[in-house]
C-alpha cells in the first residue's frame with residue numbers, strides 16, 4: 001500500500017465519521033476513565049498524554065503506517081489475494097469487489113440500483129448493510145481514484161478505462177446459481193408506455209468515488225452506492241444518455257428475484273495493463289545494439 005493511498009484512506013475516515021442519515025446530531029459527552037486523567041491538588045484537570053511510538057524520535061515507517069491503518073480499518077486477509085473490510089470483500093488478482101444485498105423495489109421507477117439500507121431504500125432496486133466507506137476503501141486499495149461525474153445533459157458520460165465497471169448480480173433460483181448483469185435487471189420504460197420496455201443505453205458503469213464536501217464523505221452520509229440517475233454523491237454512476245431522466249428506470253420483473261431475496265453484487269474492474277518498458281537512451285557516442293530478430297525462418 002502506498003503512502004498516498006494511506007493518506008487518502010485517513011482523509012476518508014475523517015470525512016466519513018458521520019453515520020448514514022442519522023438525523024440525530026446530539027452527542028453524548030462522558031468523562032474519560034480515571035486511569036486516563038490526573039487531578040492536581042489545586043483541582044486542575046490534566047488528560048493523559050497520547051500514547052507514543054516505541055521510538056518517539058522517529059516517524060513511523062510506511063510498513064508501520066500500513067499496519068496501523070489495516071488495524072484501524074479492521075482489514076482481514078481471507079486468501080492469497082483476497083481481503084475483507086467490514087461486509088465488503090475484494091480480490092487483488094481478479095480485481096473484483098463484492099457485497100451482499102437484497103431486492104428492495106420491484107413495482108415503481110427507481111433512481112438507484114444499490115444503496116445502504118439506511119439510505120434512499122424507497123427508490124432503489126437493491127439495498128445492503130455494507131457501508132459505502134468500506135466499498136470506497138476497497139477500491140482505493142485496488143488503486144482506483146476518484147473521477148468527476150461530468151458531461152452535457154442527456155448525453156453519455158465519458159468513462160476512463162481505469163474506472164469502468166462491469167457489474168453482475170448473483171443469486172440462487174430453486175437451489176441453482178443464477179446471474180445477470182445489473183443493467184439487465186432494469187429497463188427503460190416511458191411513463192405513457194408508448195414504447196415497449198428497452199434496455200439501458202449503456203452496459204458500462206463509472207466508478208466516480210463520490211465527493212467529500214463541507215459535511216463529510218457524501219456517499220457515507222447519504223448511503224448512495226450505485227446511482228441510475230446522475231449523482232456525484234454516489235460511488236458509482238450510470239453512464240448512459242438516460243442518466244438524466246428520473247422517471248424511466250424500472251425494475252425488470254421478468255429477471256429480478258422476489259422482493260427481499262438475497263443477492264450478491266460483484267463489481268469487476270478491467271485488467272491492469274502493464275506500462276510499456278522504457279529503455280534509457282544510449283550514452284552519447286555509443287551505438288545502441290540492435291536486438292536479434294525473433295522471426296522464425
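A few remarks follow.
- Likely footprinting exposure, 89, 172, 191, fewest C-beta neighbours within 10 Å first: 191, 172, 89
- All Cα-Cα distances of segment 107-192, cut into 10 Å bins from zero to the largest, leave 13, 33, 43, 11, 1 percent in each bin in turn.
- Kirkwood hydrodynamic radius over Cα pairs of segment 127-285, then Stokes diffusion coefficient at 10 °C and 1.306 mPa s, in µm²/s: 90 µm²/s
- Here the calculated FRET efficiency for residue 271 and residue 77, from their Cβ-Cβ distance with R0 = 35 Å, stands at 0.95, rounded to the nearest 0.05.
- Inverse of mean 1/r across different Cα pairs in segment 73-124, Kirkwood, Å: 12.9 Å
- Label-zone membership for segment 156-191, site residue 254, 7 angstrom Cα→C-beta point, backbone N under 17 Å: 179-190
- Sorted fewest first by neighbouring Cβ atoms within 10 angstrom, 120, 176 come out as 176, 120.
- Residues residue 211 and residue 244, FRET efficiency given R0 of 25 Å [Cβ-Cβ distance, rounded to 0.05]: 0.85
- The Stokes-Einstein estimate for segment 125-167, based on a Kirkwood radius over Cα pairs and taken at 20 °C with 1.002 mPa s viscosity, is a diffusion coefficient of 169 µm²/s.
- Computed over segment 161-205, Cα set: Rg, Dmax in Å: 13.9, 39
- Sorted peptide list for 152-162, 261-271, criterion being average Cβ within 10 angstrom, highest first: 261-271, 152-162
- Proportion of all alpha-carbon pairs of segment 185-254 beyond 20 Å (%): 35 percent
- Once you reduce segment 95-150 and segment 191-211 to the center of their Cα atoms, the two points are 16 Å from each other.
Read-outs throughout are calculated quantities, based only on the coordinates presented, and are distinct from any laboratory measurement. On a predicted model such as this, the values are computed, not experimentally measured, just so you know. Backbone-built Cβ (ideal geometry, glycine too); neighbour counts: all protein chains shown.
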